[in-house]
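I have placed the structure first, in the form of structure tokens, so that the comments after it can refer back to it.
The values are calculated or read from the model by the stated rules, or taken from the named source; none is laboratory data. From a predicted model like this one, the values you see are computed outputs, not experimental measurements. Note: ideal-geometry Cβ built from the backbone for every residue, glycine included; neighbour counts use all protein chains shown. Calculation scope for accessible area: heavy atoms of the full protein, side chains included, ligands and nucleic acids excluded. Shrake-Rupley method; radii C 1.70, N 1.55, O 1.52, S 1.80 Å.
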Amino acid sequence: QVQLVESGGGLVQAGGSLRLSCAAAGDTICISAMGWYRQAPGKERELVATITRGSITNVADSVKGRFTASRANAESTLYLQMNSLKPEDTAVYYCNAQTFVATMPTTLCFGMDYWGKGTLVTVSS
């Protein structure tokens with residue numbers, strides 16, 4: 001029902017910045033919250049930042065003060081502004097969308113979690 005495509009990853013030096021984008025398509029009217037997760041090799045996927053339909057944002061302590069999540073209201077696009085990057089930020093970053101159960105005029109919404117394929121961020125020093 002929802003397709004997510006991340007972009008913006010790449011190689012950056014420590015202290016640099018990147019902005020990740022997540023474009024959502026499909027039944028975006030069903031989305032209640034979106035978020036960014038990351039997974040480094042040998043580690044479990046961890047939450048980076050979330051933003052609700054009401055624009056309530058939350059970021060992990062490890063990135064607080066450095067990363068900022070935002071969204072475009074009209075466009076179904078999620079952003080992650082990453083500043084002061086550290087080598088430990090190196091990971092595959094995944095976009096997530098959570099949908100709620102509802103019946104819209106032309107859409108039936110199911111409560112689901114959707115994931116993008118991920119975009120690789122590599123921070124070197």
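Points worth noting:
- Accessible area (Å², 1.4 Å probe, nearest 10) - Ser32: 30
- Solvent-accessible area per residue, Å², over the chain with all protein chains present [probe radius 1.4 Å]: 54
- Within-13-Å neighbourhood charge of Ala33 [Cβ basis; K, R +1; D, E -1]: +1
- Note on the range 48-105: with charges restricted to the Cβ of Lys and Arg (+1) and Asp and Glu (-1), its dipole about the Cα centre is near 120 debye.
- Sequence-separation-based contact order of the chain, relative, with Cα cut under 8 Å and 6+ spacing, percent: 35
- When both bridge partners sit in the chain, DSSP labels roughly 90% of those beta bridges antiparallel.
- Looking at the range 1-51, the GluC sites (Glu not before Pro) that sit in a DSSP loop and have at most 13 other Cβ atoms within 10 Å of their own Cβ are Glu44.
- Heavy-atom surface analysis with a 1.4 Å probe gives the range 22-125 a carbon and sulfur content of 52 percent of its accessible area.
- For the range 55-115, trypsin sites (Lys or Arg not before Pro) meeting the loop criterion (DSSP other than H, G, I, E, B) and having at most 12 other Cβ atoms within 10 Å: Lys64.
- Both radii come from the Cα set of the range 53-125: Rg as radius of gyration, Rh as Kirkwood radius; their ratio Rg/Rh reads 1.05.
- Whether the chain is rounded, prolate or oblate, judged on the alpha carbon gyration tensor where a/c under 1.5 counts as rounded: prolate
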